[in-house]
1. List, in order, the whole-Hz ³J(HN,Hα) value for each residue of the range 17-22 obtained from phi through the Karplus relation with A = 6.51, B = -1.76, C = 1.60 and θ = phi - 60°; use x for Gly and Pro.
2. Please pull out the direction-averaged projected area of the range 1-133, using the convex hull of its alpha-carbon atoms, in nm² to one decimal place.
3. With label points built 7 Å along Cα→Cβ from the Cα atoms of S167 and R29, find their separation and express it in nm.
4. Count the lysine pairs in the chain whose Cα atoms lie under 18 Å apart, taking only pairs 8 or more positions apart in sequence or on different chains.
5. Mind checking the angle between helix 148-158 and the chain's longest principal axis? C-alpha axes, 0 to 90 degrees, to the nearest 10.
6. Keeping the other protein chains in place, figure out the carbon and sulfur percent of the accessible area of the chain, with a 1.4 Å probe.
7. Tell me, rounded to the nearest percent, the portion of alpha carbon pairs in the range 47-86 spaced more than 12 Å apart.
8. Report the calculated FRET efficiency for T40 and S123 (r = Cβ-Cβ distance, R0 = 30 Å), to the nearest 0.05.
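The values are calculated or read from the model by the stated rules, or taken from the named source; none is laboratory data. As the structure is a prediction and not an experimental result, all values here were calculated from the model. With ideal geometry, Cβ positions are generated from the backbone for all residues, glycine too; neighbour counts draw on all protein chains shown. SASA here: full protein model, heavy atoms, side chains in, ligands and nucleic acids out. Shrake-Rupley method; radii C 1.70, N 1.55, O 1.52, S 1.80 Å.
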Amino acid sequence: MQKALMEMNVQLHHVISDITGATGMRIIRAIVAGERSPGTLAEMRDVRCHASVEKICAALSGNWRDEHIFALCQSLALYDFYQIKILECDSKLEAALKALEIGKGHHVRHLPKARHKTKQPNSPDFEVRSALYRVLGVDLTQIHGIGPSLALKLVGECGTDLAAWPSSKHFTSWLCLAPGNKISGGKLLSSKTRRSSSRAAALLRLAATTIGRSDTALGAFYRRLSARAERRRRLRPPPAR
C-alpha cells in the first residue's frame, strides 16, 4: 500500500508513523472509495494523531492515476485477507492452549498484575497472559524483556515441561548460549558461543536486546557488559595482513 501511495506522490508515511494505524487506514479506504480531496482526507485523522490537519493535507497532494489506484485497491484487499487469516491463526492458538489446560488448569485469580498495560503490536487477538498462566501456573511476562507474544513463542519452542534439562546450565548449553571453552596448553583460546539455529535462542537474544533498552537493573547490567565488550573490541590489534 505504501508503494502504491508513493507512486501517486502521496507521502502519507512521512506524516504518520504507521499507515496501517487508525488514521492511515481511514485515509486509504477513503481513497479506494473514491475520495480525492486532500482536505477531506486529512479531516479523517484520529484524535491521537500527532500530525496536524494542515500537515497531512500537504502530504496528500498527489496524482490520482488509475493504475496506481488499482494497485492500491489490490494491496488493500490483500491486507484485509491477511488480517482474516491472522485472526484464524489466533483462534487456533487459543484452542491449542485451552487443550493444554485439561486436567491441570490454574485459576487466574492468582495471576499477578501486568507489568505493561499497553498492547504490543502484532500480538494475538486473545488474552495471552491468562491463557499461559492457566497452563503453566506462572506468569512469564513478569520477567523483564519477555512480553506475552514472546512468552507464547518460547512455550511453543520449549514446551511446558523443562525436566529434560537437569539445570539452567544444561538448558543454556543446549541453546548454544553458554560461552565455549576452547583451551590449548592450558590457555583459553576462545570463549565464543557456538552457532545455533534454535529459534528459542533467537527469542532469548531478542529479550536481552529489549532489556538493554529498559530502565531496570538487568538493563544497566546489559549496558555495562556491552560497553566492556565494545572496549575490548576497540583495543584489539588489527589482524596482520
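1. My calculation for the range 17-22 gives 6, 9, 6, 8, x, 4 Hz in order.
2. Quarter of the Cα hull surface area: 9.9 nm².
3. Each label point is offset 7 Å from its Cα along the Cβ direction, giving 5.7 nm.
4. Eligible lysine pairs with Cα atoms under 18 Å apart amount to 6.
5. 50 degrees
6. Result for the chain: 56 percent of the exposed heavy-atom area is carbon or sulfur.
7. Pairs farther apart than 12 Å: 71 percent.
8. 0.35
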